[in-house]
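Novice: Below is the structure I would like to discuss, written out as structure tokens.
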Amino acid sequence: MTKYRINKTRFVDQTKTVSFNFDGKKYHGFEGDTLASALLSNGIHLVGRSFKYHRPRGIMSCGSEEPNAICQINADTNLTEPNVRATEIELYEGLRASSQNCWPSLNFDIGGINNLISPFIPAGFYYKTFMWPKSFWKKIYEPLIRLSAGLGKSPSEPDPDIYDHKHEHCDVLVIGGGISGIISAKIAAKNNLKTILIEDKNILGGSTIYQNNKNFIIDNKKSNEWLMNEISELEKLDNLIIKTRTSLAAFHSYNYLLAKENISDHLPLDKKNSDIRQRLWKIRADKVIVAAGAIERPLIFNNNDRPGIILANSVKKYLDFYGVSTGLNNIIFTNNDSAYETAVSLFEKGISVKIIDIRKKSLSNIVKNAEDLGIKIYWNSTVVNTFGYKKIKSIEIMNLSEDGSNVTGNKYKIQCDCLSISGGWTPMVHMHTQSGGKLDFREIDQVFVPSEKSENHINVGSCNGDFELEEIVKNTNNKIKKFLNINASGFDKISVLCSKELEKKNIWLLPNTISEGKTKSFIDFQNDSTAKDIKLALREGFKSIEHVKRYTTTGMATDQGKLSNMHALGIIADTAGVKMGTLGTTTFRPPFTPLTFGAIVGRGVGKFFDVVRKTSIHEWHAQNNAKFENVGQWKRPWYYPINNENLHEAVQRESKAARDSAGILDASTLGKIDIQGSDASEFLNRVYTNAWSKLGIGKCRYGLMLNEDGMVYDDGVTTRLGENHYLMTTTTGGAANVLSKLEDYLQTEWPELDVYLTSVTDHYSTASICGPNSKKILKKLFPNKDFSDEAFPHMSYQDAIIDKIECRIMRISFTGELSYEINIESKYGKSLWENCIKAGEEYKITPYGTETMHLLRAEKGFIIVGQDTDGTMTPIDLQMDWIVSKKKYDFIGKRSLYRSDTIREDRKQLVGLLTDDPNEILEEGAQIVSELDKKPVEMIGHVTSSYFSPNLNKSIALAVVKGGKKMKGQKLFVPMENKNINVTVSDFIFLDKENKRINA
Amino acid sequence: MFIINCPYCGERDQSEFSCGGEAHIVRPKQPTELSDDEWAEYLFMRKNIKGVQFERWNHAHGCRKWFNMARDTSNDKIHAVYKMGEKPPVI
Ligand SMILES: [Zn+2]
């Protein structure tokens, strides 16, 4: 045993040694230790440097509220994790940890220089100082701030660990496995309610499990022994699930909660990797019982941040739970009775202890107990200063004045190696407020407590402001019975004896002889903000707690101000002379403790990130070397390189082949909606801009769909299959949204229409064959069919049969070439495709991807919704006036087409752009200007599509330009990083204006 | 995350639904006869109040039916769900 491991406990197995590494040095602890308790057992207090002044800081607590002991765990590039609280991480064999925020080393910290110049770093220092000159930012201020403002390092490689999500439902969820949580869970489970109890530590019991004191007796047993017995009974209950190492992350409305379970974090290195690391539970509970406990408050006095200054109850936990003494010459500084339990415990282990109490007296049993043991108590006193750079060595105390606002008499110096502080308790109301609950301020002991309103959740124990053992036990029993509608429980006749606190006193900022400006009374230990900073913010005119918080950064560190928020509020209230209850609190937002990204994401990484949709022809594309592009969730062939061709080379070859002979495209991903019903034609009239009633059966028509604001929403070809039967196609990415929009109108605006919509996108596969030889290929595939222009004209469809399978042939074109689309049931898609390839062999049929498709349609000036439009383009802006019916009384978006804004002539309009140098290809998204010398440069539009056309042997582009319709022939400029490209506005149809190729 | 009582399917998790904004805004029967201001009123103006608000919801990953909901935006309490075409309840 080390010098500081002075006690044997049931919670730490001192027969099992665990070795670990801290800041490059090897140490030993035991199974059951946390990193913090193991460090303390080795006499190590100094674990980090403070954020702003780089002052030495030590372990201060034993839980999630820890502000100082935040470490970097692991050194691997992929597994390293910053900002881990040493107080929360369970010790395991091989653990490597290092302190953060202390370059170049913990013991020699160059940033400590900030401590010496600290009078010059007041609140808002960064805002005030690093404002100007502006040119200093990039080269001087930012690197300087970044170098010294380290909050750990993120991993630089992907996380190899597995994370999991799981849904769970229960009647009752109990948050917190302390005494009130245990009583609650037992009552619920014994009454046939499916109950889950979650506890963030590795064992149940909270702080009562190590409360080994004769002043706290339940049913004639010491409270810890009684609780031990309760826990073993609890573990036998059938309908109770106990989840330890599970912390609540968020409490959302309708009792939807997220909890993170650590599954392998505590395991030795060699046992970690095979298992899931963390699991995020998504729990929907009928009733929620919050028993989250309370956090001990520090006291705010000069130099209250030295290593060795530790919260009093944490000192007790290190001693009674871990068997570790935080010092051998202890002083307790308190304003309440709870710290006397620590004093008694220390005394019983033979450790020297003295008490400084700001109160004048206390008559409770526990205080009497301490007095009887002969422990020296300095009443009505306060600490005014502390000494010792890397570890506390001594303190100075003075008497308090009558009203506590000042100090009197002489300074008195006392030696010590640990100062235990206790400023009372703050109920953990975070969960309650996250769920939407409100708070009340309780004047007598200056705490915010939940004001109960909800029927579906309740707070019990110290998180509800019950601090005495007797009221915790009895109130919990009574409240839970009422909450769960239960008449009697096993706790009705329980007898509890405990020490009761009668004298209460609280001073948020303890007085001193020296002026405030010269003291360092820390409030937020992690962000280094002091009482002085808060007062300065108030003097500078900040009033709202939210503003003071941001200006001073109080409560904004990774601990979210668990220790600091109340003191900040208290000092603001005292300084401004207002009641604390009227100030309100800052908002507590989830997560309660930081969550790993892995836990948030779960299994949704890599190929599980999103659904992948593949057409039935996908395998053929893959075998034929296709490069794929993501279009929504679809994988579409992008291009098919041959012999190391790059994208450009492949697209040039593919698009030339499509125009010179034959090309084939997998068009299966286009959205397809089957429309039936006696009002189908009327429905299409209302949703498209053009007229549909007169479309003959067997004919196809292109349609443009607008939003009600007049902007282009989607487009596609719709085929009339029968009198009351249409097949609509939509863009690949817009399919689901178009269906939803159409359903919306049918259900809400036009319920009188007899129309039925069915998504059939996945039902059919589509092979689209284009080019001058396409007709010959179709003839080979369907020898019995008449493909003459008379029998099968452009924009018509016919049923056909291939290999005994029915299919539909649409003669429609998105390339401007003679073109056919064959639709067949998806399961025959690949075989159809292979037939097409075989039949087209003699014409060198060339599969082409989306890039060539885009090029071919751009040559023809056909728009792609979502590429050439962006939700601000009307059909008029696109120069598609021809598709907007003048005769129809109404259609979606019609009225908006003549709003004052949509008829402006200087709107951005679709134009063609030709570069003066035909080999220069514009960048899509590039800005367009008309006057280069004008300052500021006015952007009048941007390039939406741009390609090098092998068929025209020059670069072509589509663009939207303000007032572009009237600018044909005008010279414009596309400024790039190192040159200006000269362009001329042109017609946007670059090829075959007369549409001759469609019937070639 | 709410639990929403779809009038056609019963209680389901909020993740199955999508919200379609303020309810009871009827598309004008004769849009062409409206002034720009009147059309803009229909097109753009929404109340977005703190308190009980009537909203359109769609059971998108369920029966795909649209329905209406009276929801208090200050605490997310759902006071009523009712079918399209039905009058809003008095709350
Ligand atoms: Zn439904």
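Novice: From the list B:Arg46, B:Arg56, pick out the single residue that is in contact with an Asp or Glu (Cβ under 9 Å, 6 or more places away or on another chain), within 11 Å of chain A (Cβ to nearest Cβ) and more than 10 Å from the ligand (Cβ to nearest atom).
Specialist: On inspection, the qualifying residue turns out to be B:Arg56.
Novice: Show the residue pairs that are 6+ apart or on different chains and have beta-carbon atoms under 6 Å apart, the first residue being within the range B:8-25 and in contact (Cβ under 8 Å) with a residue 40 or more places away in the chain and polar (S, T, N, Q), the second being part of a strand (DSSP E or B) and more than 8 Å from the ligand (Cβ to nearest atom).
Specialist: Note: pairs meeting the criteria are B:Ser18/B:Asn58.
Novice: Which pairs have Cβ atoms under 7 Å, sit 6 or more apart or on different chains, and link a residue in the range B:53-81 that is over 15 Å from A:Thr748 (Cβ atoms) to one that is within 15 Å of the ligand (Cβ to nearest atom) and modelled with pLDDT under 95?
Specialist: B:Asp76/B:Phe2; B:Ile78/B:Phe2
Novice: Run down A:Glu619, A:Glu645 and say which single residue is without any contact (Cβ under 8 Å) to a residue 24 or more places away in the chain and among the acidic types (Asp, Glu). First the steps, then the outcome.
Specialist: Working: A:Glu619 fails: without any contact (Cβ under 8 Å) to a residue 24 or more places away in the chain.
Answer to the selection: A:Glu645.
Novice: Take the residues of the range A:738-753 that are of a type in the set (A, V, I, L, M, F, W, C), more than 30 Å from A:Glu619 (Cβ to Cβ) and part of a helix (DSSP H, G or I): which is nearest to the other protein chains (Cβ to nearest Cβ)?
Specialist: In this case the residue turns out to be A:Leu746.
Novice: For the range B:59-79, name all the residues that are surrounded by fewer than 17 Cβ atoms within 10 Å (Cβ to Cβ) and either among the aromatic types (Phe, Trp, Tyr) or away from the ligand (no atom under 16 Å from the Cβ) (or both).
Specialist: B:Asp72, B:Thr73, B:Ser74, B:Asn75, B:Asp76, B:Lys77, B:His79
Novice: If we keep just the residues of the range A:353-383 that are small (Gly, Ala, Ser) and crowded, with 16+ Cβ neighbours inside 10 Å, which is nearest to A:Ser401 (Cα to Cα)?
Specialist: Only one residue tops the list, namely A:Ser381.
Novice: Another one. Residue under question is B:Lys83, and the condition is that it be charged (D, E, K, R), modelled with pLDDT of 95 or more, within 27 Å of A:Gly893 (Cα to Cα) and surrounded by 13 or more Cβ atoms within 10 Å (Cβ to Cβ); does it hold?
Specialist: When the stated conditions are applied, B:Lys83 does not pass them.
Novice: Does B:Arg71 satisfy the criteria of being at the interface with chain A (Cβ under 9 Å from one of its Cβ atoms) and of a type in the set (D, E, K, R)?
Specialist: Numbers: at the interface with chain A (Cβ under 9 Å from one of its Cβ atoms): no; of a type in the set (D, E, K, R): yes.
Considered against the rule, which asks whether it is at the interface with chain A (Cβ under 9 Å from one of its Cβ atoms) and of a type in the set (D, E, K, R), B:Arg71 comes out as no.
Novice: Now, a different point. Can you name the number of the only condition in (1) farther than 22 Å from A:Glu743 by Cβ; (2) within 12 Å of chain A (Cβ to nearest Cβ) that B:His79 fails?
Specialist: It fails just one condition, (2).
Novice: Follow-up question, since we're still on this one. Could you tell me whether any residue of the range A:499-509 is touching a residue at least 60 places away in the same chain (Cβ under 8 Å), assigned to a loop (DSSP other than H, G, I, E, B), touching a Lys or Arg at 6+ places or on another chain (Cβ under 6 Å) and surrounded by fewer than 24 Cβ atoms within 10 Å (Cβ to Cβ)? If you could, list the steps in order and put the result at the bottom.
Specialist: We begin by selecting, within the range A:499-509, every residue touching a residue at least 60 places away in the same chain (Cβ under 8 Å); these are A:499-509.
Checking which are assigned to a loop (DSSP other than H, G, I, E, B) leaves us with A:499-509.
Pick out the ones that are also touching a Lys or Arg at 6+ places or on another chain (Cβ under 6 Å) and you get A:503, A:505.
Restricting the remaining residues to those that are surrounded by fewer than 24 Cβ atoms within 10 Å (Cβ to Cβ) gives A:503, A:505.
Looking for residues that are touching a residue at least 60 places away in the same chain (Cβ under 8 Å), assigned to a loop (DSSP other than H, G, I, E, B), touching a Lys or Arg at 6+ places or on another chain (Cβ under 6 Å) and surrounded by fewer than 24 Cβ atoms within 10 Å (Cβ to Cβ), one finds at least one in the range A:499-509, hence yes.
Novice: Here's another thing I want to ask about it. Criterion first (part of a loop (DSSP other than H, G, I, E, B) and touching a residue at least 24 places away in the same chain (Cβ under 8 Å)) does B:Lys47 satisfy it?
Specialist: In short, yes.
Novice: What number of residues within the range A:876-890 satisfy the criterion of being more than 14 Å from chain B (Cβ to nearest Cβ), out of contact with any Phe, Trp or Tyr (no Cβ under 8 Å at 6 or more places or on another chain) and not acidic (Asp, Glu)?
Specialist: Going through the range A:876-890 one residue at a time, the tally reaches 4.
Novice: Looking at A:Met556, is it out of contact with any helix residue (DSSP H, G or I) (no Cβ under 6 Å at 6 or more places or on another chain), in a helix (DSSP H, G or I), within 26 Å of A:Ala86 (Cα to Cα) and not assigned by TED's automatic domain parsing to the domain that holds A:Asp357?
Specialist: On the way: out of contact with any helix residue (DSSP H, G or I) (no Cβ under 6 Å at 6 or more places or on another chain): yes; in a helix (DSSP H, G or I): no; within 26 Å of A:Ala86 (Cα to Cα): yes; not assigned by TED's automatic domain parsing to the domain that holds A:Asp357: yes.
Considered against the rule, which asks whether it is out of contact with any helix residue (DSSP H, G or I) (no Cβ under 6 Å at 6 or more places or on another chain), in a helix (DSSP H, G or I), within 26 Å of A:Ala86 (Cα to Cα) and not assigned by TED's automatic domain parsing to the domain that holds A:Asp357, A:Met556 comes out as no.
Novice: For the list (1) part of a loop (DSSP other than H, G, I, E, B); (2) touching a helix residue (DSSP H, G or I) at 6+ places or on another chain (Cβ under 9 Å); (3) within 14 Å of another protein chain (Cβ to nearest Cβ), I need the number of the one condition that A:Gly893 fails.
Specialist: With (1) part of a loop (DSSP other than H, G, I, E, B); (2) touching a helix residue (DSSP H, G or I) at 6+ places or on another chain (Cβ under 9 Å); (3) within 14 Å of another protein chain (Cβ to nearest Cβ) applied to A:Gly893, the lone miss is (2).
Novice: Report yes if some residue within the range B:26-36 is farther than 19 Å from A:Tyr745 by Cα and within 16 Å of the ligand (Cβ to nearest atom); otherwise report no.
Specialist: No, that holds for no residue.
Novice: Taking B:Phe2 as meeting all but one of (1) modelled with pLDDT of 95 or more; (2) surrounded by 11 or more Cβ atoms within 10 Å (Cβ to Cβ); (3) within 16 Å of the ligand (Cβ to nearest atom); (4) of a type outside the set (Lys, Arg), write down the number of the exception.
Specialist: The number of the failed condition is (1).
Let's see how each residue does on (1) closer than 24 Å to B:Asp36 by Cβ; (2) within 14 Å of chain B (Cβ to nearest Cβ); (3) surrounded by 14 or more Cβ atoms within 10 Å (Cβ to Cβ); (4) at pLDDT 95 or above:
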| residue | (1), (2), (3), (4) |
| --- | --- |
| A:Leu897 | yes, yes, yes, yes |
| A:Leu913 | no, no, yes, yes |
| A:Glu920 | no, no, yes, yes |
| A:Gly925 | no, no, no, yes |
| A:Glu931 | no, no, no, no |
| A:Val937 | no, no, yes, no |
| A:Tyr947 | no, no, yes, yes |
| A:Gly969 | no, no, no, yes |
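Novice: Of (1) modelled with pLDDT of 85 or more; (2) within 19 Å of A:Gly424 (Cβ to Cβ), A:Asp559 satisfies all except one. Which?
Specialist: (1)
The values are calculated or read from the model by the stated rules, or taken from the named source; none is laboratory data. None of these values were measured; they are calculated from a predicted model. Note that we place each Cβ from the backbone using ideal geometry, even for glycine, and neighbour counts take in every protein chain shown.
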